[in-house]
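Please read the structure below before turning to the comments.
The values are calculated or read from the model by the stated rules, or taken from the named source; none is laboratory data. What you see is a predicted model, and the numbers here were worked out from it, not measured in a lab. Here Cβ is always computed from backbone atoms with ideal geometry, including for glycine, and neighbour counts include all displayed protein chains.
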Amino acid sequence: MAERYRFERPGLILIGVEDAAIPVTWIAVDVLGQERKRFAILEEFVLRSMKEGLDSETGIAQILGLKDPLIQSTVADLMSRGLVRRRMDVLGNWKISLTPEGFGAASDLESVTPRKLSLGYAFDRLGWCATAFPRSALMKGDEVRARGIRKLLGRKGEISISDVPPSILNGLINNEEGRDARVEILSVKRVSVKSRLYLPAAVLSYLESSTNEIQTAISIDGEFSQYHELELNKLGGAEAIGILPADNAARQNLIRPPSGMEFMESEDVERCRLAIMRVYLAKSDGAVLDQVWEQEAEEAYRHLESAATRSVSRFEYPQILEKFLKYSRSELVIKSPKATDAIVSDEFITHLRHLLAKKVSIKVVLDASQKSDVAALASLRLLASESNFDLHILEDSSEGETVLLSDGKVVVSNFNWLSHRGDHQRLYSLASGFISSERSIVDSCSVTALR
């Protein structure tokens, strides 16, 4: 999402992408509905009039109070579908009558009567509307908390019958079932609340560097929802959901390797990343790949891999952490201010256990002045019994630089490796850092990580 939408707001800098949860209420809607008829209303009245004995277009037009040509056109259409036939009587007058198929259709129309139904819908409390999302697509509050997902705001108040009119429900049914929709809602009788849930979404934060203000965009199912963004802005926007910028967020704490060292600058890294992601996004969209694009992507990948020391792209950090967790062979060092449950999850601990089983030496360094989540800290302490696992909580490790080190590569940055999700009190700024395989830098970071 970061690569796809980073240039969506010209002049603004995409500074964050994170999972979000839109509050929804699962409601039961008691309605009066009927089986959807396969005939237009005029066709229905023509068929039922003929079943009652009317045998001329003029007679039907008079009963319905319509002009003859309109009825003639409808009869002609029904004749083309084999439901009506025309014949001449003994006096030379044209008469119309139902075919057996037409008689059956008219009988079916008479048998369709309204009935009471109870339907379930997810009512979006931010957009204040019923949605077609199934219950299986929604999250419970426990899951939202465990995954450290940011909750968006929703309107307070009771959901009434007027908030779910028949037109909205019929629109949802049509969108879901299309021409095969079998039910038409005639009226809504009662709305009752069943449970409070959350709709998965994503919130993208864009920084206006000149004013140091943040604008948010909301994505649902990978598509921007301007309507939800507008509703969130009415409720206070980014600030109201706790997305606040650090001072000078676009220029804060630029972290670079020691001077005099060959270094691939961020602009070159971004160019390579864009060439690679262009191919990736084209493949995910099912587009025909341009051969030149593929060649440029391969060259960009080689360029990134061959750089001894380079800048890290702003949205590359979680990918690097995942790679180190999966593929470290001898050592793994993680120095981060604190740990949250959203990162130090069961899956994260499983990765560490797999590495420990392969005799990988692991060190995790946290800052005692920062408050880690209780469950995350307990999970890490449980691993302390392993001979090749060390957990250090240092009294003075708040230098601002974090470290991720594995097998001769190190990332020095201000990225919070173990709390970049679930820490909703953090101030937003552009992540800055570099990755290096230079032996002198790796050795230095390995020694200083515990200082």
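Do we find a residue being in a helix (DSSP H, G or I), in contact with a strand residue (DSSP E or B) (Cβ under 6 Å, 6 or more places away or on another chain) and of a type in the set (S, T, Y) anywhere in segment 322-334?
Within segment 322-334, none of the residues are in a helix (DSSP H, G or I), in contact with a strand residue (DSSP E or B) (Cβ under 6 Å, 6 or more places away or on another chain) and of a type in the set (S, T, Y).
Let me spell it out: the conditions are (1) touching a strand residue (DSSP E or B) at 6+ places or on another chain (Cβ under 9 Å); (2) modelled with pLDDT under 90; (3) closer than 30 Å to L281 by Cα, and Y206 meets all of them except one. Which number is the exception?
The one condition Y206 does not meet is (2).
Of these, A76, A20, which one is of a type in the set (G, A, S) and under 30 Å from A130 (Cα atoms)?
The unique qualifying residue is A20.
Residue-by-condition table, conditions (1) in contact with a strand residue (DSSP E or B) (Cβ under 8 Å, 6 or more places away or on another chain); (2) over 14 Å from I349 (Cα atoms):
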site	(1), (2)
V364	yes, no
L382	no, no
L391	yes, no
L404	yes, yes
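In segment 32-71, which residues are among the aliphatic types (A, V, I, L, M), under 44 Å from the mean Cα position of the chain (by Cα) and part of a loop (DSSP other than H, G, I, E, B)?
A40
Out of A282, A297, I need the residue that is surrounded by fewer than 19 Cβ atoms within 10 Å (Cβ to Cβ), part of a helix (DSSP H, G or I) and of a type in the set (G, A, S). Which one?
A282
Report yes if some residue within segment 146-164 is among the charged types (D, E, K, R), more than 20 Å from S225 (Cα to Cα), surrounded by 14 or more Cβ atoms within 10 Å (Cβ to Cβ) and touching a residue at least 60 places away in the same chain (Cβ under 8 Å); otherwise report no.
yes
Kindly indicate whether any position in segment 10-19 is over 30 Å from H228 (Cβ atoms) and surrounded by fewer than 17 Cβ atoms within 10 Å (Cβ to Cβ).
No, that holds for no residue.
Among the numbered criteria (1) out of contact with any helix residue (DSSP H, G or I) (no Cβ under 8 Å at 6 or more places or on another chain); (2) without any contact (Cβ under 8 Å) to a residue 60 or more places away in the chain; (3) within 16 Å of I435 (Cα to Cα), which single criterion is violated by E229?
It is condition (3) that E229 fails.
Against the condition under 27 Å from L355 (Cα atoms), charged (D, E, K, R), in contact with a Leu (Cβ under 8 Å, 6 or more places away or on another chain) and not assigned by TED's automatic domain parsing to the domain that holds G16, how does E316 come out, does it pass?
Considered against the rule, which asks whether it is under 27 Å from L355 (Cα atoms), charged (D, E, K, R), in contact with a Leu (Cβ under 8 Å, 6 or more places away or on another chain) and not assigned by TED's automatic domain parsing to the domain that holds G16, E316 comes out as no.
So is K359 surrounded by fewer than 22 Cβ atoms within 10 Å (Cβ to Cβ) and out of contact with any helix residue (DSSP H, G or I) (no Cβ under 8 Å at 6 or more places or on another chain) or not?
yes
Looking only at strands (runs of 3 or more DSSP E) that fall completely inside segment 386-450, which ones have 3 or more residues that are buried (at least 20 other Cβ atoms within 10 Å of the Cβ)?
402-406, 409-413, 433-436
When only residues in segment 305-321 that are aliphatic (A, V, I, L, M) and in contact (Cβ under 8 Å) with a residue 60 or more places away in the chain count, which is surrounded by the fewest Cβ atoms within 10 Å (Cβ to Cβ)?
Among those residues, the one meeting the criterion is A308.
What about A275, is it assigned by TED's automatic domain parsing to the domain that holds L152 and within 20 Å of F7 (Cβ to Cβ)?
no
Here's a check for you: in segment 100-139, which residue that is under 16 Å from the mean Cα position of the chain (by Cα) and free of Cβ contacts under 8 Å to residues at least 60 places away in the same chain is surrounded by the fewest Cβ atoms within 10 Å (Cβ to Cβ)?
Residue satisfying both the conditions and the ranking: S136.
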